[in-house]
Amino acid sequence: SPALLILWAPGGFRFTCYYYRGAYYKAFWGDPLMIPAAGKGYSILSASSWSEPAVENQELRQDIYTHFLLESMRKNNGRTHTLTQAHDYATRNTVAFTKKLQHPTMQMDQSGGDPIVLSGEVEAKGLAFLYSYINTLKDYELRLGGQSKGILGESYLTIPEGKHRLEIIDPTTNKVVVSRVIRVTAGKEYSVSDLIQSRKSHHLILGWGPGQFFNSAIREKFAAEPTAINSVSYRADEFLGVWDFILNAGYSPWQTETIRIGAQTFPQKRSTTRLLLALGTREPSRFIRSDEGLRSEWGFYVGPSLLRLERKIQGESRQSTEAPDASIVLPGVGLGTNFTVHQLQSGLAFVITAQYDMYWNQRQLEQVGRLVSQGQIAACVGVGW
């Protein structure tokens, strides 16, 4: 069970509850090998806001907030009860009991969304919970997928597991002040302030990497060698619901290679140009994550694409070949995945991407087949704004 340290200020001015993981296990039990595996962080529960007294009541014979905090655990009848649930219950009852003269507060800095269980045991995962104790967002409405889930600061807000678009609505203007796609897991607790942390919405990404056609016929007769492809991508996060919009263009400059047509070989110069329009989604990764705003995530995207192939036969024997100079455009579809490490505040990012494209050969490339496929791996750097 977690270590819970309760400090009482003389005169009853503030009641504060500190929750620590890791360091206090060592302090209480001594042996660091006995420390349970856990994340790091703290929670501070205060009976009142700044400049407010923590009122004691003779009828209750104790501090009002403390009374309701303990009452929430007594009334729970052995069911799982978390720290934020206890504070939520105590806050609502304290505000009502004091007729809005006292407003308890809570500060949290937790890695991960595992709830801090005060009593009972977690036997099954339920819904995810959202809470917000930010004074500036008090009385703001929270919507998920366009549906209202309640008022921030009033109570716990439950949401189903999965990916959702979260919107926060200003009660005075009825305008959306925050719009962000979030992913939550059943049985976890999430602070709204953590979910809406500042990040860049638009990204420009430059990349370079080798590309290769998979068809043996096209490699022999049209694109013998791997191609060094320069790429530039624009990404607008959460452009359409939970989906990102991606525009990607790739270009390989003229390169000289040797192709075989029949029994003869010919030198040629070839270039390729690729254009992709796609919708994508991103999933957070715990592989790289730091308190300095460094995050990592996996991305996936798919969409229609176009490929333009140009070649020019070189040398004195070019008149003897049946394969003339060509400029061919092939329609198709592209799909890819990437792994991104980015810094939230600056928007700088490093990306490793792998893309696979399949094009429909409309009888423009003879003896190649109806489908032409190409793959590319690239290393990229980007910036957001």
Of the residues ARG183, ARG199, ARG165, ARG219, only one is among the charged types (D, E, K, R), assigned to a helix (DSSP H, G or I) and open to solvent by 40 Å² or more (accessible area, probe 1.4 Å); which?
ARG219
Which of the residues belonging to segment 273-286 are surrounded by 15 or more Cβ atoms within 10 Å (Cβ to Cβ), free of Cβ contacts under 8 Å to residues at least 60 places away in the same chain and farther than 16 Å from THR337 by Cα?
THR273, LEU275
Being out of contact with any strand residue (DSSP E or B) (no Cβ under 6 Å at 6 or more places or on another chain) and either closer than 17 Å to PHE222 by Cβ or open to solvent by less than 30 Å² (accessible area, probe 1.4 Å) (or both) is the filter here, so list the residues in segment 260-272 that pass it.
ARG260, ILE261, GLY262, GLN264
Please work out if GLY39 is modelled with pLDDT of 50 or more and within 28 Å of ILE288 (Cα to Cα).
no
Any chance THR256 is in contact (Cβ under 8 Å) with a residue 12 or more places away in the chain and more than 23 Å from GLY334 (Cα to Cα)
yes
PHE245 - would you say it is more than 16 Å from CYS380 (Cα to Cα), of a type in the set (Phe, Trp, Tyr) and touching a strand residue (DSSP E or B) at 6+ places or on another chain (Cβ under 6 Å)?
yes
Answer residue from segment 150-162, given it is of a type outside the set (Val, Ile, Thr) and closer than 24 Å to PRO284 by Cα and is most open to solvent (accessible area, probe 1.4 Å) among those:
GLU161
Could you identify the single residue in ASP194, ASP109 that is at pLDDT below 75 and either part of a helix (DSSP H, G or I) or hydrophobic (A, V, I, L, M, F, W, C) (or both)?
ASP194
Within segment 358-373, restricting to residues that are touching a Leu at 6+ places or on another chain (Cβ under 7 Å) and in a strand (DSSP E or B), the one that is surrounded by the fewest Cβ atoms within 10 Å (Cβ to Cβ) is TRP360
Mind listing just one residue for me: the one in segment 239-259 that is of a type in the set (Val, Ile, Thr) and surrounded by 13 or more Cβ atoms within 10 Å (Cβ to Cβ) and, of those, nearest to LEU277 (Cα to Cα)?
ILE246
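The values are calculated or read from the model by the stated rules, or taken from the named source; none is laboratory data. Computed from a predicted structure; not experimentally measured. For neighbour counting, all protein chains shown are included, and Cβ atoms are generated from backbone atoms with ideal geometry for every residue, glycine included. Surface accessibility is based on the protein's heavy atoms, side chains included, excluding ligands, DNA and RNA. Shrake-Rupley method; radii C 1.70, N 1.55, O 1.52, S 1.80 Å.
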